[in-house]
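The structure appears below as structure tokens.
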Amino acid sequence: MMVTSESELAEAIAGAKGPLQVVGGGTRLPVSGGVLQVGISGVRLYEPGALTLVVAAGTPLAEVEALLAGEGQRLAFEPMDFRPVMGSEGEPTIGGVVAANISGPRRVQAGACRDFLLGVRFVDGHGRVIKSGGRVMKNVTGYDLVKLMAGSWGTLGVLSEVSLKVLPAAEAVATVIVHGLDDVTAVKALSRALGSAYDVSGAAHIGRGDDARTLVRVEGFADSVAYRAGRLRELLGNFGEVSVEDDAARNAALWKRIRDVEDFAGRAGDVWRLSLKPSDGPVAAAALRAAFGAEVIHNWGGGLVWALVPEGADLRAAMGDLPGHARIIRASADTVARLGRFHPRPAPVAALETGLKEKFDPRGILNPGLMG
Amino acid sequence: MQMPTPDQTILSRKDHIVRRLRTVLPDDAVIDAPEETRAYECDALSAYRCPPLAVVLPASTEEVAAALKICHDEGVPVVPRGSGTSLAGGALPTEDSVILGVARLNRVLETDYENRFIRVQTGLTNLSVTGAVEDEGFFYAPDPSSQLACAIAGNIAMNSGGAHCLKYGVTTNNLMGVKMVLMDGSIIDLGGPYADMAGLDLLGLICGSEGQLGVVTEATLRILHKPEGARPVMMGFDSNEEAGACVSDIIKAGILPVAIEFMDRPVIRATENFVGAGYPDVEALLIVEVEGSEAEIAQQLARIIEIGQRHNPVEIRESGSAEESARIWAGRKAAFGAMGQINDYMCLDGTIPVSQLPFVLRRIGELSGEYGLGVGNVFHAGDGNMHPLILYDANKPGDLEKAESMGADILKLCVEVGGCLTGEHGVGVEKRELMDAQYNADDLDAQMAVKDVFDPAWLLNPAKVFPLAATAERRARPMAAE
């Protein structure tokens, strides 16, 4: 069922007789139940001078990005496009991005999707329209249900409208590249860059051996980018051979490749995503290689590890007791059922989540079991 | 302002409750003598006072858990307290409540520069967090103006902001993890030194929950390397419209200053009389600060000044040195003190869309005339977080009520133009009864349902945030947890 207005959405949920699978553009994996597609679309308000955008949840992400680009602005959290790695089609929606709290390489500098979410309207499992937050940048009026909704994957309510803080797009970009580093040294280099005054907006490590490249991105006004890239080049010179990429198109392609995990697109095996303390990134990578012959991509200065592993592998067992969490991005339904898509939470935290689910969706009809 | 009637069955059991608390805490960590509990009768919203039943000052997470467990079993409300700097009455006790102060939880537990975080106990002051890492060139970004005194626990409870949040965000954007104790004494960890949580974003949910969901005893905070330098430019305008348009144009030009501060004529004049920062006598003054290397600062300031020139400025003064920067900031930093010299004042905290600035300032001026009370405006213009200061005389009967009534009108105005009641101070008791202006019954019920999950008996800071009538039934539940 496709709904095209908030009131239709509320009616659909209030009148639902069974589980609903909430879908935006349908670019990620399905769960069971009748499909509820959020087709509520359109820009409600855009004030470039206030860095504010209010948009219906079903609006295609591409439409949002084009609108912002027209004013020299952008979504600073750089949302990933899952289609390459999922092998899926469809059009990603802004509501889907928010519901899954999807952030890209710039998270290390700008923050996550949830950090840019100013307000939401959603329909809870009772069929009630609820609003939280608003359209202003500072708002501590009542509890922050805005954060709760970001990353709740439609399990507590279905988004109908989101307000976002947007930021100026960068005039220039450069990537400082260190060649040939191993994982451990690479993350040390990334930590050095991220712990500097030079406002790094991307910190990744790809490839192995002689092909390994450690990537440090800076963005901003042209003179400033040139200056900071120069300083980072000096700072990272001790780690290995350094070059600087300052071509806009090549930078865009490079960081899109990292953002969308293009290296794993169309390849056999399961894809996992691990969120870790950055210096534990190489520790986890070594364990995954030893256990499964995993192929690994490091992002977020080491704090985000993407792993391509043989089907059915249990990465959480190999991760040991490193603080953080591992999520299945792409695997068979059997593997998801056996291991759980989301990392298990300690009992008292899981009890709180269950309690919230029971309050917001007492009939348990919204994406049941998805986050369990 | 109304508070719930104290529960006589709790007051009559005071000795028993204090005795039980002393079985799990050192003697000097339980305060019940009336002359000592008086020190905890209010926070920075000092118009309202009430000594608590008792005060506990635990020194560890385990002691917090033990104290909460006893209060939970005895059905005693608990009011958590950081440093007591809340401007909204967030730490205001009731006669039948136990104040739980975190002042003795004041240790730095871990600093990790490679992974860019610090883990602290939450009684530590905001400024001392930066103090712990600044030798290595790092800082903790949220900087509420009470940062010398305010505790991290209170910052998390209120999701505190500060002057520099246009670039660095507020507390919730810099908070990576917490250890927290629920009302029933159970201890949980949320988040940690890694990005995002495994499941629902409970960390984002508890930040800003005004001490109603749990007591945070430890926090993992993001730290950043300091910029190479920072410098402001001051720009004076003869109309609020020009100043407001200038703010909007700076932002549209793709410049992201760390701070854009706005002062209106009453505040400019008050600060001039107070510290003599050399501000021009204009309708509106902007202080715009940028960061970076010397060349980056110069370039950004040049762009900002070029924009300012397009708005008929009366005066533009670019800082060329640390001394000049200090002088430009001197008046802004003294603004609250300067207004306090003139009279008592009430500080509001509504946020508005930046585009509504001129209209809202004009309307506040009209309200000032209607009520016969002076108002000064000083605020963070980049993010629309206003701080109207309503002048009144606390010794004049009826003046406080008049100021409160005018404050309510201003906050409702903020909501009407698309903003909110509070940008960084919190709701507390101060704005509790105005919540209906921003949220309908369903919106509020969804928020209260969260408290039902974390604190089913509604014992933690119960008479705050929501309209008293809206929570009456929940607060009256006879030990709902059992």
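Rule-based calculations on the coordinates, nothing more; no lab input. For clarity, every value in this text was computed on a predicted model and none was experimentally measured. So basically every Cβ, Gly included, is an ideal-geometry build from the backbone, and we count neighbours across all protein chains shown.
Placing +1 on the Cβ of every Lys and Arg and -1 on the Cβ of every Asp and Glu, with nothing else charged, gives chain B a dipole about its Cα centre of roughly 380 debye.
Averaged over the residues of peptide B:204-211, the number of Cβ atoms from other protein chains lying within 10 Å of each residue's Cβ is 6.
Distance from the C-alpha centroid of the range B:390-448 to that of the range A:215-274: 48 Å, rounded to the whole angstrom.
Counting only DSSP beta bridges with both residues in the range B:6-101, the antiparallel share comes to about 20 percent.
Full extension of the chain between B:Arg310 and B:Glu41 yields a length gain of 91.6 nm, computed as 0.36 nm times the residue separation minus the alpha carbon distance. Note on chain B: Kirkwood hydrodynamic radius from all Cα pairs is 23.4 Å, rounded to one decimal. The range A:136-151 and the range A:163-212 have Cα centres lying 30 Å from one another. Over chain B, Cα pairs under 8 Å with separation of 6+ residues give a relative contact order of 14 percent. Label zone of A:Asp210 (point 7 Å out along Cα→Cβ, amide N under 12 Å): in the range A:229-247 this covers no residue at all. Separation of the range B:203-256 and the range A:280-341, taken as the distance between their Cα centroids, equals 37 angstrom.
With Cα atoms as the point set, the radius of gyration and Dmax of the range A:287-372 evaluate to 15.1, 44 Å. Here the protein assembly as shown has an Rg and Dmax of 26.4, 80 Å, counting Cα atoms alone. Remark: spin-label model distance B:Asp409-A:Asn238 equals 6.4 nm, labels positioned 7 Å along the Cα→Cβ axis. Note on A:His205, A:His179: ascending count of other Cβ atoms within 10 Å places them as A:His179, A:His205, the fewest first. Ellipsoid semi-axes for the range B:441-481, based on the Cα gyration tensor and the rule √(5λ), read 15, 11, 9 Å when sorted largest first.
Taking θ as phi - 60° and the Karplus parameters 6.51, -1.76 and 1.60, the scalar couplings of the range B:25-30 work out to 10, x, 3, 7, 9, 10 Hz in sequence order, x denoting glycine and proline. Please say if the range B:73-190 is rounded, prolate or oblate, where rounded means a/c under 1.5 for a ≥ b ≥ c the square roots of the C-alpha gyration tensor eigenvalues, and otherwise the choice is prolate for a/b larger than b/c and oblate otherwise? Judged from the Cα gyration tensor, the range B:73-190 comes out prolate (a/c at least 1.5, a/b above b/c).
From the largest down, the range B:230-416 spans 56, 34, 25 angstrom on the principal axes of its Cα atoms. In terms of its Cα atoms, the range B:3-54 spans 35, 25, 16 Å along the principal axes, sorted from long to short. Does chain A classify as rounded, prolate or oblate by the C-alpha gyration tensor (a ≥ b ≥ c root eigenvalues; a/c under 1.5 gives rounded; else a/b over b/c gives prolate, otherwise oblate)? Judged from the Cα gyration tensor, chain A comes out oblate (a/c at least 1.5, b/c at or above a/b).
Legend: calculated FRET efficiency, B:Glu62 to A:Ala350, from the Cβ-Cβ distance at R0 = 22 Å, rounded to 0.05, equals 0.45. Between the Cα long axis of helix B:441-454 and the first principal axis of chain B there is an angle of about 50°, rounded to the nearest 10. Database remark: amide H of B:Gly428 closer than 5 angstrom to the amide H of B:Val465 (H placed geometrically; neighbours at sequence offset of 5 or more, or on other chains; Pro and chain starts carry no H). For peptide B:447-454, the mean count of partner chain Cβ atoms within 10 Å of a residue's Cβ comes to 6. Distant-in-sequence amide contacts of B:Ser186, defined by a placed amide H-H separation under 5 Å and a gap of 5 or more residues or a different chain, comprise nothing. In this simple spin-label model, placing a label point 7 Å from the Cα along the Cα-to-Cβ direction at both A:Glu358 and B:Asp28 gives a separation of 4.5 nm. Database remark: amide H of B:Gly211 closer than 5 angstrom to no amide H (H placed geometrically; neighbours at sequence offset of 5 or more, or on other chains; Pro and chain starts carry no H). Counted by neighbouring Cβ atoms within 10 Å, the residues A:Val98, B:Val98 run from fewest to most as A:Val98, B:Val98. Taking max minus min of the alpha-carbon positions on each principal axis, the range B:186-313 gives extents of 59, 35, 26 Å, largest first. Using the rule -39500 (n - 2.57) for each DSSP H run of four or more residues, divided by the residues of the protein assembly as shown, the 222 nm mean residue ellipticity is -10000 deg cm²/dmol.
By the compact-protein rule of thumb, 2.2 N^0.38 Å, the alpha-carbon radius of gyration of the range B:6-101 corresponds to a ratio of 0.99.
Taking a quarter of the surface of the Cα convex hull of the range A:1-129 gives a mean projected area of 8.3 nm².
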